[in-house]
1. Within the stretch 134-141, identify whether any single residue is under 22 Å from HIS301 (Cα atoms), part of a loop (DSSP other than H, G, I, E, B), free of Cβ contacts under 8 Å to residues at least 40 places away in the same chain and not polar (S, T, N, Q), and answer yes or no.
2. Which one is farthest from SER231 (Cα to Cα), of the residues in the stretch 257-272 that are open to solvent by 10 Å² or more (accessible area, probe 1.4 Å) and touching a residue at least 60 places away in the same chain (Cβ under 8 Å)?
3. What are the residue pairs meeting all of these: first residue in the stretch 198-210, first residue within 17 Å of ASP261 (Cα to Cα), second residue surrounded by fewer than 24 Cβ atoms within 10 Å (Cβ to Cβ) and β-branched (Val, Ile, Thr), Cβ atoms under 6 Å, and 6 or more apart or on different chains?
4. Which condition breaks for ASN226 when tested against (1) without any contact (Cβ under 8 Å) to a residue 24 or more places away in the chain; (2) at positive phi; (3) of a type in the set (S, T, N, Q)?
5. Take the residues in the stretch 157-172 that are modelled with pLDDT under 90 and open to solvent by less than 10 Å² (accessible area, probe 1.4 Å), then tell me which one is nearest to LEU253 (Cα to Cα).
6. State yes or no: is VAL302 over 25 Å from ALA179 (Cβ atoms), at pLDDT below 95 and in contact with a strand residue (DSSP E or B) (Cβ under 7 Å, 6 or more places away or on another chain)?
7. Which residues, taken from the stretch 188-198, are part of a loop (DSSP other than H, G, I, E, B), surrounded by fewer than 16 Cβ atoms within 10 Å (Cβ to Cβ) and not hydrophobic (A, V, I, L, M, F, W, C)?
Amino acid sequence: MATHSSRLAALADRIIRLLAILRTVGRYAERVLGHDAALLEAQERVTAWGGWFILQQSAGALLRGFEVRGGLAEAEARLDAVLQAPSLVPRDETAAVVALQDWPAIALARPFARLSPGAVVGITGPSGSGKTTILDRLMGLRATPEAQIAVDGADITTIDPASLRRCFAYAPQQAWLLAGTVRENLVLAGGAEAEEATLWAALHDAALDERVRALPCGLDSWIGENGAVLSGGEKRRLGLARAYLRPAPWLLLDEPTAGLDAGTEALVLARLQARLARTGQGALLVSHRAAPLAICATTLHVGLAPAPMATPLTVVPLPALA
């Protein structure tokens, strides 16, 4: 017993000394390199000590910070160039920027549908039929032919992308996550100033709150590269919670329960229904599964071949913004 205790004491001493070294290196990095988040994240996580696992994460983050720091300026410059570049999606640059209502309706030519604000609509069909394409086009992520989609009576090709995206909160099937904390991934939705209660409410509605509370540092727990400490279903639910935090009249959900067991799926869907009833949001929900489609008032079927149409959508001109 004494030998075991002494070995534990020696191990604890080594951990304490390593912590001191990491803190010293962190302070040195701050003095020499300034407030570089890629380096200081290690010091912050060491301060919020959560066990040996967090220590390993801290050391790894520190080393990665030194390794990649030389490329940060180039990466920032490239991102700035992308963000300042013209949109890759063709649109009529001579068209007026329209003023959308706070709760716009949606009209689709294929499959033909007119969706009122607050509607909960399922979209199903075989793989490759274009279900996700509908969501991408609503977000302005793919080019849309004229007279195929209208938002608030205006052809989507005439709507400014920034105005269009304010109408939608998107949870894609593949939830790409930052190499950061749970909190940092949530506030990507634009809720940097969101109170903790709001973040926890979104996690609760995505049935992920208990999992996050069990992490060493809760919201401030490091989840690794692309959410390495989370399962596929947990990553998807974190993406769902992020979409919940974006104030938008429509939710666009692409296979939100894929990979979940029946019990977790039922919980996610029950909380989604409660959230929609509470907020009045509409939802377009793409799924191959019966349970998600069962909560939808209407289901649209997308076939592999375009359905014949007599005429394209008739769009109504809206007033231009001043």
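1. no
2. So the residue we want is ARG271.
3. Taking only residues 6 or more apart or on different chains, the pairs are ALA207/VAL268.
4. For ASN226, the exception is condition (1).
5. Here the answer is LEU164.
6. When the stated conditions are applied, VAL302 passes them.
7. Restricting attention to the stretch 188-198, the residues satisfying the condition of being part of a loop (DSSP other than H, G, I, E, B) are 190-195.
If we keep only those that are surrounded by fewer than 16 Cβ atoms within 10 Å (Cβ to Cβ) too, we end up with 190, 192-193, 195.
Correct list: GLY190, GLU193, GLU195.
Residues checked against (1) outside any helix (DSSP H, G or I); (2) buried (at least 18 other Cβ atoms within 10 Å of the Cβ); (3) in contact with a helix residue (DSSP H, G or I) (Cβ under 8 Å, 6 or more places away or on another chain); (4) β-branched (Val, Ile, Thr):
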{"site": "GLN174", "(1), (2), (3), (4)": "yes, no, no, no"}
{"site": "LEU186", "(1), (2), (3), (4)": "no, yes, yes, no"}
{"site": "HIS204", "(1), (2), (3), (4)": "no, no, yes, no"}
{"site": "VAL212", "(1), (2), (3), (4)": "no, yes, yes, yes"}
{"site": "LEU215", "(1), (2), (3), (4)": "yes, yes, yes, no"}
{"site": "GLU225", "(1), (2), (3), (4)": "yes, no, no, no"}
{"site": "LYS235", "(1), (2), (3), (4)": "no, yes, no, no"}
{"site": "LEU238", "(1), (2), (3), (4)": "no, yes, yes, no"}
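The values are calculated or read from the model by the stated rules, or taken from the named source; none is laboratory data. This is a predicted model, so every value here is computed, not measured. Quick reminder, even Gly has a Cβ in these numbers, built from the backbone with ideal geometry, and neighbours come from all protein chains shown. Surface accessibility is based on the protein's heavy atoms, side chains included, excluding ligands, DNA and RNA. Shrake-Rupley method; radii C 1.70, N 1.55, O 1.52, S 1.80 Å.
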